[in-house]
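Engineer: Just dropping this structure here.
Just so it is clear, none of the values below were taken in a lab; they were calculated from the coordinates. Just so it is clear, the structure is predicted and the values come from calculations on it, not from any experiment. So basically every Cβ, Gly included, is an ideal-geometry build from the backbone, and we count neighbours across all protein chains shown.
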Amino acid sequence: MNTTTIIAIYFLIWWITLFAVLPFGVRSQGESGDMAPGTDPGAPVMHRLLSKFLWTTAIASTIFGILYFCYVRDLIPYEFLSRISSPPRH
């Protein structure tokens with residue numbers, strides 16, 4: 001696997017993980033009672049993006065590490081992946 005492929009796979013895992021991590025710990029303005037004029041009640045009070053980016057990086061790195069280990073050790077054979085990803089035969 002070349003470096004470009006590794007970076008692309010890691011980026012995809014990171015991006016998907018980000019969308020899974022974003023809602024964790026969010027309190028809306030409506031829940032906290034601290035409404036700013038002209039804003040939506042569902043808007044977050046504090047977004048804490050740096051913290052979420054760090055959690056995303058840690059989780060995505062763990063997931064990528066496990067998948068890369070499985071790839072390097074050939075724990076999931078290529079033939080199996082091609083068989084389950086091909087269209088069904090009738």
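Engineer: How long are the semi-axes of the equivalent ellipsoid of segment 6-90, taking √(5λ) for every eigenvalue λ of the Cα gyration tensor, in whole Å from largest down? Walk me through the numbers on the way to the answer.
Structural biologist: Numbers: eigenvalues 318, 56, 15 Å².
After scaling each eigenvalue by five and taking roots: 40, 17, 9 Å.
Engineer: Taking the Cα centre as origin and putting +1 on Lys and Arg beta-carbons and -1 on Asp and Glu beta-carbons, what dipole magnitude results for the chain, to the nearest 20 debye? Please list the in-between numbers first.
Structural biologist: Working: 6 positive and 5 negative charges, 50 e Å.
Roughly 240 debye for the chain.
Engineer: Also, quick follow-up: Just to be sure I understand: with springs between alpha-carbon atoms less than 10 Å apart, which residue in Ile59, Ile76, Ile16 has the highest mean-square fluctuation in the Gaussian network model of the chain?
Structural biologist: Of Ile59, Ile76, Ile16, the Gaussian network model singles out Ile76 as fluctuating most.
Engineer: Would you work out which of Gly42, Val72, Ser61 lies farthest towards the positive end of the dipole of the chain, given +1 charges on the beta-carbon of Lys and Arg and -1 on that of Asp and Glu, about the Cα centre?
Structural biologist: Of the listed residues, the answer is Val72.
Engineer: Nearest 500 deg cm²/dmol is fine: what mean residue ellipticity at 222 nm does the chain get from its DSSP H runs of n ≥ 4 alone, each adding -39,500 (n - 2.57), divided by its residue count? Don't jump to the answer; show the numbers that get you there.
Structural biologist: Details: 4 runs with 55 residues, N = 90.
The per-residue figure over the chain is -19500 deg cm²/dmol.
Engineer: Please list 3J(HN,Hα) in residue order for segment 14-21, calculated via the Karplus relation 6.51 cos²θ - 1.76 cosθ + 1.60 where θ = phi - 60°; whole Hz, with x for glycine and proline.
Structural biologist: With the stated coefficients, segment 14-21 comes to 5, 5, 5, 5, 4, 5, 7, 8 Hz.
Engineer: Given a cut-off of under 8 Å on Cα pairs at least six residues apart, what relative contact order in percent is computed for segment 3-85? Could the numbers behind the result be given before it?
Structural biologist: Details: 47 pairs, mean separation 25.9, N = 83.
The value is 31 percent.
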